[in-house]
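Novice: Sharing a structure here in structure tokens format.
Here, each number is a calculation from the coordinates, and none is a lab measurement. Values in this document were obtained by computation on a predicted structure and should not be read as measured data. Reconstructed Cβ throughout: ideal geometry from the backbone, glycine too, with neighbour counts over all protein chains shown.
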Amino acid sequence: MQNQSPPNHWRAFFNTLMENIRNFSIIAHIDHGKSTLADRLIQFTGVCNERNFQDQMLDNMDIERERGITIKSNAISLPYRAKDGKEYILNLIDTPGHVDFSYEVSRSLASCEGVLLLIDAAQGVQAQTLANLYLAMEHNLEIIPIINKIDLPSADVDRVLEEIDSELGLDPDTHIKCSAKEGIGIEEILEAIVERIPPPTGDTSNPLAALIFDAKYDAYRGTIIHCRVFEGSVKAGDIIRFMYNNSTYKVEEVGHFLLQRAKREKLSAGDVGYIIAGVKTVSDVRTGDTITLQDRPCGQPLPGFKEVKPVVFASIYPIASDDYQDLADSLEKYKLNDASFIYEKDSSAALGQGFRCGFLGLLHLDIVQERLEREFDLSIILSVPSVCYRFTLRDKKVIYVDNPTHYPDPSEIDKGEEPYIRASMMLPERYLGTVMKLCMEKRGVNSNLNYTSPGRAELSYEMPLAEVIFDFYDRFKSVTQGYGSFDYDIIDYRESTLVLMDILVNGEKVDALSQIVHRERARARALNACDRLKDEIPRQMYKIAIQGAIGGEIIARSTISAFRKDVTAKCYGGDITRKRKLLEKQKAGKKRMKMIGSVSIPQSAFLAVLKSDND
Amino acid sequence: MISDQAGLYIHIPFCLSKCGYCSYYSIVSPQFIDEFVKAVDREMAFYTDTFHDFDTIYLGGGTPSLLSASQIDTLLNAAHKNFTIDHQAEITMEVNPGDVSVEHFQSLRRLGINRLNIGVQSFDDPLLKFLGRRHTAKEAVEAIDAARIAGFDNIGMDFIYGVHGQTIKTWKQTLAKALSFSPEHLSCYQLSLDKKTSLFRQYKKDKLHLPSENEALDFFLATSQTLTDAGYIHYEVSNFAHSNSLISRHNTKYWRHTPYLGLGPAAHSFLDSRRWWNRAAANTYLKNISEGKKPVEKSEKLSREQLALEALFLGMRTKDGINLEQYKSCFGCDLLAGKRQVIDKLMRSNLVELKDGCLCPTLAGMAVADSLALI
């Protein structure tokens, strides 16, 4: 990224009064048109011209564009001359949309005074519409309901208006109709942002208090801190202090977000912008932390900070052991830009040298895997993910185990405990039965049920984290047909009868497939794992036996039959080249598999063992 | 003993009709045959510097039996004029039953053809019709008899199995009938459908039944069992010879990276780790030659890894397998040492065996030769 000066007519960017600033975010259920609306607002305000416009402007990563999701928060400042004749800066803060990143979302919302709550005119109010609405209400934000996609033949605006009233409890008269795709209603939305979202409050003369809502790594400048200034101001040359760990840095540059970074003299209360201060990696910065000035600190940090800790652990191994150093280098680079990802050295009897890594959840894990492969061109294998268990040994020593390989000798275990969460779910009443069944299946206890509005239920359960991260979310979404929303908080460790379940492939233990499981669930898990592996491991030239075992006892098995006939009938002149090319292709495919003993196991097998058959 | 002399292949791209299973290049307009024969003569001249000695000639197609004796004569004369042909060379011609008489066979013999490969395919008329063959079972019998009368003592027959409507039982009846003629050589190919064929289109419309993997294996094993019981050597996936001396010397060159020169449209050649092939369209082929250009479409230099992969999958198709010493000296890697664990497992699974310093596929191994190459 390069710094750029804004064109002269963007006078709004200079010496803007706080009353001419609006900070807002767009929240929506997936596919209700968030990125398209953001694109239209960006186009309408003229920040970018046709030439440098592309769809999903705020989603910078390929993976975001392809999956149509937002992973990293992003921000952009839009200059707008309103009908009242005044010039405004509208700061749009884009947020990720998955429960793995709910803390990031909450920090982004904390940086705003209002939100556009986007609702699809055809689909109406959906689970995430509600979940997001609650988040916005928690932060006392002004909410502007927007009914999008009114151009669709299936649009039913009247029904949506009713839902806004009955399900969201908002005044339906406050809504705006638009079609982001067709560019209808965009100006009205901009006017509403100016008129209805309150300007930021704060005092530039107070000591600096700025909230970090994200950080990105730039190869030339180090960490770019994304922040919202609540009090005071900050400029180049200031010594800033992170209140979380009291580390101090000298500010090199501050600025706004246009399409690229735009350098400014200072950021003041009410501003959304960036700070560059020679911070080497994003891990030195904590989302939600408060920045203040070293020589004139604010009294206390802004509320809501919590340290995000990984809850899912898995090991990453290179498929080819020669690639170990490459993997090490890539992880180091990757880490620069992902503060919530942690890793350390690890090794496996079956898979060799690798790294033990911590993730926020399975989506985070999935994204890390994909980015490592895509951005660093690595072929990697992930072991079966695990949560962090706590064991008290006979000698009263307490150990934490997030890697089944380090499972203690069973004869020395006095007590095993696993992390529990409180799951909060919102769902239409009609799904209550199936969801409760699912929760019970996942060892849920202490349920609590409330009816928030007629037909809509709020359900909570205490459940083992291990049950929740392993395919709970997918199944929850599936049984509620996407109408349920789900969030969780870790509450405590609870005693549990735990066992180590191993998987043997042709009699050989594959440690990367081992799992720590609840004893009563062990057999079902083992059967499921054996079946899954049977589907995932391609047939080979000999029979493959897959077994699940606890200690020496086999509790489940499945068999993959051998290939019997695959040879091409004719192989003369031209057939040879053709055949060789085909084999070369298959060989390349095999490189993405891990040879364990005499069996090639594909990458996908390691994660598949966690999925249940009910999908 | 297989010599290292090169093999000469001439592709005769003419057919009177297209068979439903065939994806090989051919044209259905025999009026160009004379022009074509002259073109092959001129094509030979391009290679007099690179190839010298041949000890096999193979006239394949297409349908070489559409050529008159004098056209064959022209081709063989051209070969003798441009190259040195070993006086004991194996000279094979593919023959379509129905195209030939005793007299024609006699002239072929006089011209030096000493081995025939007759495309019998089946002794079951409905099946022949299904495959789109022009001939009947009766004509096949007549062709074999005529060849014997003409004095051919090295006759091979081609068969196809695993065809829609065929059972192991009817296939064994065809084999029994074949054996009653005591052919010196048999090629039995499992039907495989290339995407370009009309049978494939029928298959895609679900109008055909193809054998399942297990059925295909049963066909394969039954074929091998029947023919080895009758005294034949199953020396390659689809090929059987009555004795070691009757193994197709020409085809063996394909499987051992021995040099070969392929002439005519779409023909492939191999020399010193380079493989090249001619343009497939007959008119482009003829046009190139008339302009004094080699009709080569593409040429590739095979890396050591590519040659090693080929050696592996070709070797696993033949009963003699892969000579480990040779493999090591050619490709610089010790197959046994490098893949010990997998090879042990394959041996225990009775898919390969070690014989006289060679890693050889068993019968079950031959059936999965393509996978064996991926170890």
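Novice: What distance in nm lies between label points placed 7 Å from Cα along the C-beta direction at A:Glu412 and A:Arg523?
Specialist: In this crude spin-label approximation the distance works out to 3.1 nm.
Novice: Report, as a whole number in µm² per second, the diffusion coefficient that Stokes-Einstein gives for the stretch A:86-222 at 25 °C and 0.890 mPa s using the Kirkwood radius over alpha carbon pairs. Mind dumping the intermediate values first?
Specialist: Numbers: Rh = 16.7 Å.
Estimated via Stokes-Einstein, D reaches 147 µm²/s.
Novice: Please list the three semi-axes, largest first and in whole Å, of the ellipsoid equivalent to the stretch B:66-119, using sqrt of 5 times the eigenvalues of its alpha carbon gyration tensor.
Specialist: On the way: eigenvalues 80, 29, 17 Å².
So the equivalent ellipsoid measures 20, 12, 9 Å along its semi-axes.
Novice: What number does the stretch A:138-279 give for Rg over Rh if you use C-alpha atoms and the Kirkwood radius?
Specialist: Rounded to two decimals, Rg over Rh is 1.11.
Novice: Here's a follow-up. Taking the C-alpha atoms of the stretch A:240-378, how large are the radius of gyration and the largest Cα-Cα span, Dmax, in Å?
Specialist: Rg and Dmax of the stretch A:240-378, Cα atoms, are 18.5, 57 Å.
Novice: Give me the one-decimal Kirkwood hydrodynamic radius in Å for the protein assembly as shown, with the sum taken over alpha-carbon pairs. List each step's numbers first, then the result.
Specialist: On the way: mean 1/r = 0.0293 Å⁻¹.
For the protein assembly as shown, inverting the mean 1/r across all distinct Cα pairs yields 34.1 Å.
Novice: Something else about it: Roughly what would the spin-label model give for A:Lys396 and A:Ser604, points 7 Å off Cα along C-beta, in nm?
Specialist: Rounded to a tenth, the inter-label distance reads 5.2 nm.
Novice: Let me ask something additional. For the Cα atoms of chain A, what angle does the longest principal axis make with the long axis of helix A:324-336, in degrees from 0 to 90, nearest 10?
Specialist: 20 degrees
Novice: For the stretch B:312-375, what D do you get in µm² per second when you plug the Kirkwood radius from alpha-carbon pairs into Stokes-Einstein at 20 °C and 1.002 mPa s?
Specialist: Values: Rh = 11.4 Å.
Rounded, D is 189 µm²/s.
Novice: How much of the DSSP beta bridge set in the protein assembly as shown is antiparallel, as a percent to the nearest 5? Let's see the in-between values first.
Specialist: Values: 136 of 187 bridges.
So the antiparallel bridges in the protein assembly as shown amount to around 75 percent.
Novice: Express in nm, to one decimal, how much length is gained between A:Ile184 and A:Glu307 on full extension, taking 0.36 nm for each residue of separation and deducting their alpha carbon distance.
Specialist: That works out to 40.1 nm of additional length.
Novice: I need the P(r) histogram for chain B: all alpha carbon pairs, bin width 10 Å from 0 out to the longest distance, whole percents.
Specialist: Each 10 Å bin holds this share of Cα pairs: 5, 22, 32, 28, 12, 1.
Novice: Of the listed pairs A:Lys509/A:Lys543; A:Lys266/A:Lys335; A:Lys591/B:Lys339, which have alpha-carbon separations greater than 20 Å here?
Specialist: Working: A:Lys509/A:Lys543 17 Å; A:Lys266/A:Lys335 29 Å; A:Lys591/B:Lys339 15 Å.
Check vs 20 Å cut-off fails for A:Lys266/A:Lys335.
Novice: Continuing with this model, one more query. Could you give me the ³J(HN,Hα) list for the stretch B:259-269, computed from phi with Karplus coefficients 6.51, -1.76, 1.60 and θ = phi - 60°, whole Hz, x at Gly and Pro?
Specialist: Couplings: x, 8, 10, x, 10, x, x, 6, 6, 9, 10 Hz.
Novice: What is the P(r) of the stretch B:197-284, as percent of Cα-Cα pairs per 10 Å bin from 0?
Specialist: Spelled out bin by bin, the stretch B:197-284 gives 14, 23, 28, 31, 3 percent.
Novice: Let me ask something else about it. Restricting everything to alpha-carbon atoms, can you work out Rg to Rh for the stretch A:406-549 with a Kirkwood hydrodynamic radius? Each step should come with its number before you reach the end.
Specialist: On the way: Rg = 18.2 Å, Rh = 17.2 Å.
Radius of gyration over Kirkwood radius for the stretch A:406-549 works out to 1.06.
Novice: Under 25 °C and 0.890 mPa s, how fast does the stretch A:491-574 diffuse according to Stokes-Einstein, given a Kirkwood radius computed over C-alpha pairs? Answer in µm²/s, whole number.
Specialist: On the way: Rh = 14.7 Å.
Stokes-Einstein gives a translational diffusion coefficient of 167 µm²/s.
Novice: Rg over Rh of the stretch A:427-500, using C-alpha atoms and the Kirkwood radius, what does it come to? Spell out each step's value before the answer.
Specialist: Details: Rg = 12.8 Å, Rh = 13.1 Å.
In the stretch A:427-500, Rg relative to Rh is 0.98.
Novice: Tell me the label-point distance for the pair B:Ser182, B:Ser212, using the 7 Å Cα-to-Cβ offset, in nm and rounded to one decimal.
Specialist: Simple spin-label model gives 4.2 nm for this pair.
Novice: Here's another thing I want to ask about it. Please report the base-10 log of the normalised intensity I(q)/I(0) for the stretch A:529-615, using a Debye sum with one equal scatterer per alpha carbon and no solvent, at each q in 0.10, 0.17 (1/Å).
Specialist: Results for the stretch A:529-615 at q = 0.10, 0.17 Å⁻¹ read -0.36, -0.84.
Novice: Let me ask something else about it. Identify, among A:Leu208, A:Ile240, A:Ile197, the residue whose Cα sits farthest towards the positive end of the charge dipole of the stretch A:194-242, taking +1 on the Cβ of Lys and Arg and -1 on the Cβ of Asp and Glu, with the dipole about the Cα centre.
Specialist: Of the candidates, A:Ile240 comes out farthest on the positive side.
Novice: Which loop GluC sites (Glu not before Pro) in the stretch A:333-421, with loop taken from DSSP, have no more than 10 other Cβ atoms within 10 angstrom of their Cβ?
Specialist: none
Novice: Could you tell me the calculated FRET efficiency between A:Asp171 and B:Phe331, based on Cβ-Cβ distance and R0 = 60 angstrom, to the nearest 0.05? Could the numbers behind the result be given before it?
Specialist: Values: r = 78 Å, r/R0 = 1.31.
Efficiency, from the Cβ-Cβ distance: 0.15.
Novice: Residues with amide H under 5 Å of A:Ile342's amide H, sequence separation 5 or more or different chain, H placed in the peptide plane at 1.01 Å from N; which?
Specialist: Amide H to amide H, under 5 Å and 5 or more residues apart or across chains, A:Ile342 pairs with A:Gly358.
Novice: Follow-up. If I take all pairs of Cα atoms in the stretch A:357-489, what percentage of them are more than 20 Å from each other?
Specialist: Working: 4971 of 8778 pairs.
Roughly 57 percent, once rounded to a whole number.
Novice: A further question on this structure: If the reach is capped at under 25 angstrom between alpha carbons, list the lysines near B:Lys298, excluding any in the same chain fewer than eight residues apart.
Specialist: Qualifying lysines at Cα under 25 Å: A:Lys570, A:Lys579, A:Lys581, A:Lys585, A:Lys587, B:Lys38, B:Lys195, B:Lys196, B:Lys253, B:Lys287.
Novice: Along the charge dipole of the protein assembly as shown, which of B:Phe152, A:His364, B:Pro361 sits closest to the positive end, that is, farthest toward it, with unit charges on the beta carbon of Lys, Arg, Asp and Glu (+1, +1, -1, -1)?
Specialist: So the residue furthest toward the plus end is B:Phe152.
Novice: Could you give the radius of gyration (one decimal) and Dmax (whole number) of the Cα atoms in the stretch B:7-91, in Å?
Specialist: 13.4, 40
Novice: Return, ordered by residue number, the residues of the stretch A:291-320 whose backbone nitrogen is under 17 Å from a label point located 7 Å along Cα→Cβ of A:Glu138.
Specialist: A:302-309
Novice: In vacuum, with every alpha carbon of the stretch B:40-146 counted as one equal point scatterer, what does the Debye formula give for log10 I(q)/I(0) at q = 0.16 Å⁻¹? Two decimals, please.
Specialist: Debye curve over Cα of the stretch B:40-146, log10 I(q)/I(0) at q = 0.16 Å⁻¹: -0.74.
Novice: Moving on to the next point. With all distinct Cα pairs included, what does the Kirkwood hydrodynamic radius of the stretch B:84-175 come out to in Å, to one decimal, could you say? All intermediate terms of the calculation are to be shown ahead of the outcome.
Specialist: On the way: mean 1/r = 0.0714 Å⁻¹.
In the stretch B:84-175 this quantity evaluates to 14.0 Å.
Novice: Kindly provide the pair-distance distribution of the stretch A:181-240 built from C-alpha pairs, with 10 Å bins from 0 and whole-percent values in order of increasing distance.
Specialist: Whole-percent P(r) values from 0 Å outward: 17, 30, 27, 22, 3.
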